[in-house]
Structure formats: C-alpha cells, structure tokens
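**Q** Got a structure here, written out as structure tokens. Questions coming.
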Amino acid sequence: MTAHAAPPATTAWPKMADGEPATLVAALARNAAEYGSRVAFRERRYGVWQEQTWSEVLEEVAAIAAGLEARGLKAGSALTVIGDNRPRLYFAMMAANMLRAFPSPAYPDIPLEELIAATRHGAPTVAFAEDQEQVDKLLELRAAIGRPTTIAYDDVRGLGAYSGEGIISIGTLIAEGRERLAREPGLVADLVGRAGADDITVLLHSSGTTGQPKGIPLRHRNITRGVLNAAQSGYFRRHEELFAYLPTAWVGDFVFTLGAGLMLTATINIPERQETVLHDLREVSPTFYLAAPRAWDQMLTRIQVGIKNSTPLKRWLFDTFMPKAVELERKRLAGGTPTLAERIVNRVGDVLVYAPLRDYLGLSRAERAFTGGEALGEDTFLFFRALGIRLKQFYGQTETSALTAAQTEGHVKLHTVGRPMAGVEIRIDDSGEILVRSPSVIDGYFDDPEASAKAIVDGWLHTGDAGRFEDDGDLVVLGRVSEVVRTAAGERYIPNFIENRLKFSPYIRNVAVIGAGRDMLTAIVCIDFEAVGHWAEERRISYTSYADLSQKPEVQGLVASVVAHVNETQPEALRIRRFVNLHKDFDADDGEITRTRKLRRNIIETTYAPLIEALYGEARETVYDAAITYESGEHGVIRRTLTISEVAF
C-alpha cells in the first residue's frame, strides 16, 4: 500500500473513569499514540499479505471522515455499508463514528426488497460498497427510494465507465480528505474528540423471523465496556490475532472483530475473498476464533473427507487415535482424571495426529475458540476439543452486544452455555424467560418505543429465550419462549430444541418440527446435499439431483435412523412419528429462512400446508406442487412425489 505521512500523534481522547477509551474512536487514537507501529490490519490482496499500522489506520480513517463531512455526512446520520470484509469498509465505519454518525452494515447477498427495509432506519444518504456488484445493488436501491445520493466503492474493477452522480472511489474520497487535513492541522484531534460514549456506534438489525427487522443501535459504551468485561472474564486477551471473515452485518463481526480489535489492540486479518477463507485461515493461524455451529460441522466434514482420501497409514493413525481422544475428552468433561497410560497415548496422538490436523485447519494457535448462535452437536463439540482446540459455547444476542455468558476452561459442559460474564446479571422470571442486565445491553430499539418498552423493563432485557440455571451457576438455554407450544394433549415443547438436535447430524441441513395442537409430532427434513451425497457415493447409490437423492429409499432409512436416535432422548409423547424429506433445502430467497438461517416458521407452515396435512394422514407418499421462479422472472410449478416415512421405536 502507498505510504502517507501519519498525522501528528493525538495525545488526548475521551476516557472512562478507569482511563480506558470511552469510544471506539478513542480506542483508535489510543492505539495510534501508544502502539503506532504495531500492525492493525493485515489483508491478503492478489495473494500477498499487506499490512497497515495503527498510525496509518488513524490517518486513513481521519481522511475518510474529513472527506465525508465535506460531502455532507451529518452527526446522527446512518451510513450504509455493504460487501465482504475489507479494511476500507471497516475504516468507513470508524470514520462515520468520528462524525458522530453510525454505520448500518447489510449482508452482501441481501435482495433489494430486504435492503429497502434495512435502510429505512436512519434514512442513509451515503453508502459504501465493496465492488461493482454492490454498487449496482445500491443504484437499484437509489432508483427505488431516491437514495443513497453518494456511493463510495473500494474495488475499482469494472467501475471505470460509471459516471452517475455521486459515485466515487474510496481512494478519491481519501484524497479529498487528505487535502482538507493538510489545510486544517487541528482537524484530527477534533475528529477524535467528537464522539461520546452515549453515541450510536453501529445500527444492526434483528433477523426478522416474526416480521419486519427491528433496528438495534449499539452505543459506544455498550461495546467498550462489554469487551473489557469479557476480557476481564478471560474471553479475550490483548494483542490477539483475529480473523475477519464473518458477515459485517452480524453482531459477532462488529463486536468480536472491530470492537475487540480496537479496545484490545489486536491485529485484524482479512482473507482475500470468501472462497479463500480456509486457505487464508491456515496462513493467519489466529489466537481467537469464532465460528457458527454449521461452520464447525463443515470443518469436521472436511477433515473426515480428507482422511478418507488420504493414505492407508494416515487413515489408520486417525482411526486409532481419534476415538481414544474423544473418549478421553468425554471423561474429562464428566469430571474424570486421565490415567498415566491415557496421558501417554494422548501425547503420542498429539504428535502424530492432533497437532498436524490443528495446523491443517489453521487453528494451531487458537487458544480461545468459541461457537454460539445455536446449539452445536455433541459429536462435533467433542471432536474439536479432543483435537486440542479449546472450543467453548457462548451466549448472547445483538441486544446484549453478544456478550452475556460463556464457558471457561475447567467448566465446560455439553448442554450449558457457561456463566454470566463480569458485569452481567442474569435471572430467570416466573415464565422461564431469561432476563439480562449489563452495560452491554441496548437502551432500546431504533425509533420503536413500543418494542423498546416491551423488551426492556426496569433495565432488564427480556431476551425471549427460555432457560434455567444449574446448581453450579451454569446457564442452560432451552430455546425461544415464544416457541413453546403444546400438542393436542397439552404436552409443552420447543420445536427449535428438537430441530437443533436433529441438525447435529451431518446428514440433516434444515428441519421443521410440526405438532402444535396436533396428536403427534412430525417433521419436514432438508438433507445436507454434500454429506448425504458423499454417503450415497460410498455405497454406490446413483442419483441425478437433490430431489432425486432425497427420495432414495436408502436415504429415507438414513434419516429415519437419525430421527430415531433423537427420539431416544425425548419423552414418549414428544417423539417424531412421521417425516418427509423435502425435495430442496429451505431457501432465504423463498422467504423460508432468514439470512442467518433461522426458520420463518409461519411461512414454512403456509407454503407446505398440503404436505403437512399429508404427514397427518395415512398415505405413504404424497404429490406436492412446488412453485418455482425461473431466471426470466416467470413463475411455474413442478410436481413432486414425496415419500412419507414412519419412524420405528
């Protein structure tokens, strides 16, 4: 990257009573002053890792802020950010904060209709885009609603001929800002000092599973104090090596990457693109790593497939040592102490198998590895801990800055999410709902006093989750309070609780459990095409498509065995009796799931109403007319014959 003279070191910034930075902008200024030559961002571009120090980052962020202010970005305004993880998109977020404005990131694959809904909060007139694809999407948005009027883009490829009003490169904006900084020597110090702890630092959105997404404004104090409390509890360390690959519109990225990176002076490593994440992860080898349960499942599948395609010796070593390691980890979690022989075998296994696999994954330095958002399968959880990766569960919501509770080493259980972090209070009300009070909890929703009054009562956030405490203080999250339903016989259950346990299987990607007000439980199952496809190929079962594979008798039997296994842990009245393998996966574009892969249950039950009625009949198969939309935009119907399977007990 081209080097530019850093601005004079800023020696003053807003501070909390304990001397810590009061805002994320203040943390940036602190880092530049005290750790100016330390690498702040490292990005792999065109195959080469390029670095920027904290001093260089402050200079570039200040230049963007100066340019944005000259172009009319005001305090209290929202700024749309759309694209994959890129340093300059993060810099734009920080620059908005310098002006007391706030970024509102959107998912890169968001369709126009959802983008219109997401940008209704704060009415942003300025947007930052990663590349041509996102610029085109923002131009569609402008045509639909009249804004954004200014679009700044990072990747210039394909945009040379774009001459529309207000379309500029981020590089041009930075050049304009640098000219202004040169004319106004005191501007950097002014920009650093503007934002206050009570200002909004980012506007995120709820998933919209029950309606229009709500705007969730996180303030500087929510994130600064939340991150410091988490660090006090041992979940973060100073100078971490972070890996920025999560969607920028997700709270996990803003808080765990940018927030923690700024407050704890970490190095933020950014992969070249989403397709190179696994390769780049290995080169980075982060010290802190966060991934959703599905990502851990996919990583396990990748290992299993790789081992099966390796040499006979490697397969023998893996098959010999990994089962022993898993059983040893199970023993440890149950409170047992390894014998001398077990410790020796484990040490040998680490040299021959576990350490090479950790290096292969890029997690050889991951002292702190977490998962959250939904339950992780027992087999997957045990596997990675047996591998020597200290994987733990955490619990949090966007409304709590994702910083509520987490497991600590020595207190890891398969079914809990750990204990409250420092500074966090949790209690369970009479209805079984989890209530949270902490500095990281939002004050209320954006421009929605009614929703705010319902969610936050006397300083306590009503999370909407059902849970309980164990005797030792560990929190167990059961599911959503709103999802507690009853069968016709009055048996209470949470569909998501059962669905998550079914999805622990690598062969089931999505599932909807049906049974509210009915005599029994049934399920609509979406197989995991990759995992089931590999399983079928090993058994020489031919298939032509997802739909064809899902209806194979052998696959019906495979899914039935998974359902039967889960049924073993369920009360008699809450066992799944019948299921159908759907001809396709649930799709966000069809409105069946959100972008974070949460079920939109009402839409599923409406869309598949004929199929659900067939599940409660006596037929062993049913004909379903599936609505489809062609690339031309025209609509059509494909008739599918789907098998309905009984589950043996």
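Quick note: the coordinates plus some simple rules give every number you see, no bench work behind them. Only a predicted model underlies this, so the values are computations on that prediction, with no experimental measurement involved. As a convention, Cβ positions derive from the backbone with ideal geometry for all residues, glycine included, and neighbour counts pool all protein chains shown.
**Q** Among S206, S310, which comes first, then next, by fewest other beta-carbon atoms within 10 Å?
**A** Ascending number of Cβ neighbours within 10 Å: S310, S206.
**Q** Only Cα pairs under 8 Å and at least 6 apart count here; give the relative contact order of the chain as a rounded whole percent.
**A** Averaging sequence separation for qualifying contacts and normalising by length gives 9 percent for the chain.
**Q** Same structure, new question: Got the relative contact order for the range 422-549 handy, in percent, Cα pairs under 8 Å and 6 or more residues apart? Kindly include the intermediate steps, with their values, before the conclusion.
**A** Numbers: 181 pairs, mean separation 17.1, N = 128.
Over the range 422-549, the number comes to 13 percent.
**Q** Same structure again: Over the chain, what is the percentage of antiparallel beta bridges among all DSSP beta bridges, to the nearest 5?
**A** 60
**Q** What distance in nm separates the two pseudo spin-label positions at E283 and F469, each 7 Å out from Cα along the beta-carbon direction?
**A** 4.8
**Q** Quote the FRET efficiency, to the nearest 0.05, computed for D548 versus R315 with a Förster distance R0 of 35 Å and r equal to the Cβ-Cβ distance.
**A** Working from the Cβ atoms, E equals 0.70.
**Q** Right, here's the next one. Over the range 292-389, what is the relative contact order in percent, taking alpha-carbon pairs closer than 8 angstrom and at least six residues apart?
**A** Once normalised by length, the contact order is 45 percent.
**Q** Shifting gears a bit: Take the alpha carbon atoms of the range 547-607, find their center, do the same for the range 337-371, and report the distance between the two centers in whole angstrom.
**A** Each part's Cα centre sits 35 Å from the other's.
**Q** Based on the Cβ-Cβ distance from S431 to T596, what FRET efficiency comes out when R0 is 25 Å, to the nearest 0.05? Can you show the working numbers first?
**A** On the way: r = 26 Å, r/R0 = 1.02.
The calculated FRET efficiency here is 0.45.
**Q** Just one of (1) -0.31, -0.43, -1.44; (2) -0.35, -0.49, -1.40; (3) -0.43, -0.59, -1.35 is log10 I(q)/I(0) by the Debye sum over Cα atoms at q = 0.06, 0.07, 0.12 Å⁻¹ calculated from these coordinates, so which is it?
**A** The calculated read-out lines up with (2).
**Q** Next question, about the same structure. At 7 Å along Cα-to-Cβ for each site, give me the label-to-label distance between T339 and E378 in nm.
**A** Between T339 and E378, the label points sit 2.4 nm apart.
**Q** Using a 7 Å offset from Cα along Cα-Cβ at R332, what residues in the range 289-320 end up with backbone N under 15 Å from the label point?
**A** Inside the label zone: nothing.
**Q** Another one. Kindly provide the helix-only [θ] at 222 nm of the chain, computed as the sum of -39,500 (n - 2.57) over DSSP H runs of four or more divided by all residues, to the nearest 500 deg cm²/dmol?
**A** My calculation for the chain gives -10500 deg cm²/dmol from helical runs alone.
**Q** Any idea what the dipole of the range 24-289 comes to, in debye rounded to 20, about its Cα centre with Lys/Arg Cβ at +1 and Asp/Glu Cβ at -1?
**A** Working: 27 positive and 32 negative charges, 164 e Å.
Magnitude of the dipole: close to 780 debye.
**Q** Excluding P338 itself, what net charge comes from residues whose Cβ is under 12 Å from its Cβ, given Lys and Arg +1 and Asp and Glu -1?
**A** With Lys, Arg at +1 and Asp, Glu at -1, the net is +3.
**Q** Efficiency by 1/(1 + (r/R0)^6): what FRET value for A295 and V48, r their Cβ-Cβ distance, R0 = 30 Å, to the nearest 0.05?
**A** 0.70
**Q** Using 19 Å as the Cα-Cα cut-off, could you pick out the over-long pairs in K214/K454; K503/K598; K503/K584; K308/K413; K552/K584?
**A** As for pairs spanning more than 19 Å Cα to Cα, those are K308/K413.
**Q** Right, something else. Dipole magnitude of the range 486-646 about its Cα centre, charges +1 at Lys/Arg Cβ and -1 at Asp/Glu Cβ only, in debye to the nearest 20?
**A** It works out to roughly 460 debye.
**Q** Further question on the same structure: Could you give the length gained on full extension between A564 and E491, defined as 0.36 nm per residue of separation minus the Cα-Cα distance, in nm?
**A** So the extension gain works out to 24.3 nm.
**Q** Stretch A161-R38 to full length: gain in nm at 0.36 nm per residue minus the Cα-Cα span?
**A** 40.4 nm
**Q** Within a 10 angstrom radius of the beta carbon, how do V562, V436, V202, V48 rank from fewest other beta carbons to most? Intermediate results must be reported in sequence, preceding the final value.
**A** Details: V562 22, V436 26, V202 31, V48 8.
With the fewest neighbours first, V562, V436, V202, V48 line up as V48, V562, V436, V202.
**Q** Between D585 and A619, what is the label-to-label distance in nm when each label sits 7 Å out along the Cα-to-Cβ direction?
**A** Going by the 7 Å Cα→Cβ label model, 2.8 nm.
**Q** Nearest-5 percent of antiparallel DSSP beta bridges in the range 24-289?
**A** The answer is about 35 percent antiparallel.
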